[in-house]
Amino acid sequence: MRSIAESAPPPRPSSGQASKGLTPRFLIAGALGLALGLALTGAAKAGPTLDAIKARGAIKVGVGTQPGFFSPDSNGRWQGFFVDFGRALAIAVFNDPDKVQFVASSPQQRLPALQSGEFDILLSGVTQTFTRATKLGFHFGPVVFYDGQGLLVPKKLGVTKGKELNGATVCVQTGTTGELNITDFFRQNKITFKPVVIEETAENQKAFASGRCDVLTQDSSDLAITRTLLPKPDDYVLLPERISKEPLAPAIRYGDDQWLEIVNWVVNATIQAEEFGITQANVDSFLTSNDPGIRRFLGVDPSLGEAAKLDPKFIHTIIKTVGNYGEIFERHVGPKTKVGLERGYNAPWTQGGLLYAPPFR
């Protein structure tokens, strides 16, 4: 990019050009430039969601009911991959991980419930789509889990890929992106299927386990969990195809810029912490770092927190409480858990994955 000093001055109008004929163009360009500059430098606008959260004293988070991602333990305390991001948000707003209320919602109910204000954010594994963003009026934060729709089948079916499923009966959950995805997959491959459409997740899985359908289709992460819950997990196989892109991201309603930015930067903070090598165990040791980027990141230099009107050390507290992205992943859904997922696309960009946080400057 050329600096101002390197930029050539604009050419003078020739004698055959009336200067007044050029003036409107320069005025219009100047006005557009001023408007753009104001838009880029203006502060994020607060709105009703953040105001309601602060007045209530807690964040209401919509979640699902898949072990590993979100489920209550024996004492009724919610645990899971997405749950930890809810607690991280509570730290950012209240400096307290427990000032959050988790509300279970089905895939059919979750978006209308968010729209009506039953909760402040969806962390239920909702897929970011064009229609949901434009037609339904939802903002999405950064992708927290890159997934794709898969196909779970009994080994006795004798198939090794989805293209061999011509005429199969498929259990699919209504009200999800999965209905359209599975229809597109069979149509594109010029094969047919018989849908068994069921609303509730548990009923869908029960129908598959009882042999009512040949195939269960959901996000592959859900299928990995479902397989572990079946009476004989080794009797089933997850086929290699991923028939869709399912970027799972936090969803909020339109109308609250500041709340959206808090969501964005809380998620990005866990990603950046992993890239820096900052963990729950060693975060305090980084407080004495001479790296100006790390000092800003952890709030030793308070400029970022002050600009966002948050506790300058909110990121330090988040990492010390729930860990970085990699720790959250490994703790709840990684290879050593029952879910047993590999990082794959959900690894940092420095390790061949898709996770990449914008600069904390």
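The values are calculated or read from the model by the stated rules, or taken from the named source; none is laboratory data. Please read these numbers as outputs of a predicted model, since none were measured by experiment. Glycine gets a Cβ as well: all are built from the backbone with ideal geometry, and neighbour counts include every protein chain shown. Heavy atoms of the whole protein, side chains included, go into the accessibility calculation; ligands, DNA and RNA do not. Shrake-Rupley method; radii C 1.70, N 1.55, O 1.52, S 1.80 Å.
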If we keep just the residues of the stretch 175-202 that are polar (S, T, N, Q) and under 24 Å from the mean Cα position of the chain (by Cα), which is modelled with the highest pLDDT? Asn181
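Okay, residues lined up against (1) modelled with pLDDT of 95 or more; (2) acidic (Asp, Glu); (3) touching a strand residue (DSSP E or B) at 6+ places or on another chain (Cβ under 7 Å):
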{"site": "Gly68", "(1), (2), (3)": "no, no, no"}
{"site": "Ser74", "(1), (2), (3)": "no, no, no"}
{"site": "Val83", "(1), (2), (3)": "yes, no, yes"}
{"site": "Ala88", "(1), (2), (3)": "yes, no, no"}
{"site": "Ile91", "(1), (2), (3)": "yes, no, no"}
{"site": "Val100", "(1), (2), (3)": "yes, no, yes"}
Within the stretch 166-174, can one find any residue that is at pLDDT 95 or above and closer than 30 Å to Val100 by Cβ? no
Looking at the stretch 112-123, which of the residues that are out of contact with any Gly (no Cβ under 9 Å at 6 or more places or on another chain) and not in a loop (DSSP other than H, G, I, E, B) is surrounded by the fewest Cβ atoms within 10 Å (Cβ to Cβ)? Ser116
Filtered residue count, the stretch 55-86, keeping only those that are surrounded by fewer than 21 Cβ atoms within 10 Å (Cβ to Cβ) and not aromatic (Phe, Trp, Tyr): 15
Filtered residues of the stretch 266-288 (kept if among the small types (Gly, Ala, Ser) and open to solvent by 60 Å² or more (accessible area, probe 1.4 Å)): Ala281, Ser285
Please verify whether Val153 is part of a strand (DSSP E or B), among the β-branched types (Val, Ile, Thr) and under 19 Å from the mean Cα position of the chain (by Cα), treating the condition exactly as stated. no
Subset of the stretch 68-79, residues within 18 Å of the chain's Cα centre (by Cα) and in a loop (DSSP other than H, G, I, E, B), comes to Gly68, Phe69, Phe70
Does the stretch 146-164 include one or more residues that are open to solvent by 10 Å² or more (accessible area, probe 1.4 Å) and in contact with a Lys or Arg (Cβ under 6 Å, 6 or more places away or on another chain)? no
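To keep it simple, each residue is scored yes or no on (1) farther than 19 Å from Ile91 by Cα; (2) not charged (D, E, K, R).
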| position | (1), (2) |
| --- | --- |
| Val263 | no, yes |
| Phe276 | yes, yes |
| Glu327 | no, no |
| Thr337 | yes, yes |
| Ala347 | yes, yes |
| Thr350 | yes, yes |
| Ala357 | yes, yes |
Which residues, taken from the stretch 114-146, are without any contact (Cβ under 8 Å) to a residue 40 or more places away in the chain and closer than 21 Å to Gln258 by Cβ? Ala133
Can we say Val333 is within 17 Å of the chain's Cα centre (by Cα) and among the β-branched types (Val, Ile, Thr)? yes
Matching residues, the stretch 92-111, being over 24 Å from Phe314 (Cβ atoms), open to solvent by 40 Å² or more (accessible area, probe 1.4 Å) and in a helix (DSSP H, G or I): Gln108, Gln109
From Ile252, Ile243, Ile225, which residue is surrounded by 16 or more Cβ atoms within 10 Å (Cβ to Cβ), of a type outside the set (Ser, Thr, Tyr), part of a loop (DSSP other than H, G, I, E, B) and touching a residue at least 24 places away in the same chain (Cβ under 8 Å)? Ile243
Say whether the condition of being touching a helix residue (DSSP H, G or I) at 6+ places or on another chain (Cβ under 7 Å), closer than 20 Å to Lys99 by Cα and either open to solvent by less than 20 Å² (accessible area, probe 1.4 Å) or part of a loop (DSSP other than H, G, I, E, B) (or both) is met by at least one residue in the stretch 326-342. yes
